[in-house]
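Below is one structure, written out as structure tokens; the observations come after it.
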Amino acid sequence: MLKGDSAYLMSAMAQYGYSLLQPDRMTDPNDLLASLADSRDSRVLEGFPVVLANALAKHGGKVDLAAAESGLDERGAEAFRRLVDVSLHLMRTFGFDALAAEVRGRRPSDPVFSQKLPEAMVGGAELSLDEERTLSPGRLKRTFMNYFVRDQEEGDAERKMERKESFRREYLLSLFFAPRQRDLVAKRMRGEPLTKTEREYFSRVVKKKLQALADPDLHMLAQKALRD
């Protein structure tokens, strides 16, 4: 695994879209991701989702998350899994479903952390990587937007339109569904299996709201009520 201070890590990260410093030589993405999870510098940790997204987009065949985690001690491995979960959440939030699918297929995960993550990212409470390190959801989202999303959108009108539509849909869903409920809707849309608890909650609460939204009479009522 790579060893080095924050200056070296930032230099290596520039090769994967997080350009705080100028790059010097190409770095293996798995070594870099493992090293980031060991860092105590919040700026470095905030760049983990950017590096992972760019590595998957540009060097997907070289990314091996399990191998990257295997070189870490217990503390580093726990932080690594949580950073991967954060990265997956950001990819889904900003509409990079293809990259998110790649992460789902080969990711180590922290089940308890990932279950609470959607609500924490909306609520803005500090995310705990371990006993000593926390990250700001707001800074994570801004960093991902500034260093990855905007870079992907440059010169791509179709992608920008898709992203705009994704944001519009997410906003409208937020008017009817709590964060946990929106996550279940998204999992159903992606065809992902639900746990027994999730299935029961979906059937008891979320399904009824979806049935109401899909009702043609209710749709007609809303259109009439909105007329000037």
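The values are calculated or read from the model by the stated rules, or taken from the named source; none is laboratory data. The structure presented is a predicted model; accordingly, all values stated were derived computationally and were not measured. Virtual Cβ from ideal backbone geometry, glycine too; neighbours counted across all protein chains shown.
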Note on L9: of the conditions (1) at pLDDT below 80; (2) surrounded by fewer than 23 Cβ atoms within 10 Å (Cβ to Cβ), unmet is (2)
Does segment 15-37 hold any residues that are touching a His at 6+ places or on another chain (Cβ under 9 Å) and modelled with pLDDT of 85 or more, and which are they?
P29
State which residue is surrounded by the most Cβ atoms within 10 Å (Cβ to Cβ) when the search covers only segment 38-48 and only residues that are within 16 Å of A77 (Cα to Cα) and modelled with pLDDT of 90 or more.
F48
In segment 129-145, how many are in contact (Cβ under 8 Å) with a residue 24 or more places away in the chain and more than 15 Å from G47 (Cβ to Cβ)?
2
Within segment 173-192, can one find any residue that is part of a helix (DSSP H, G or I), exposed (fewer than 11 other Cβ atoms within 10 Å of the Cβ) and over 20 Å from the mean Cα position of the chain (by Cα)?
no
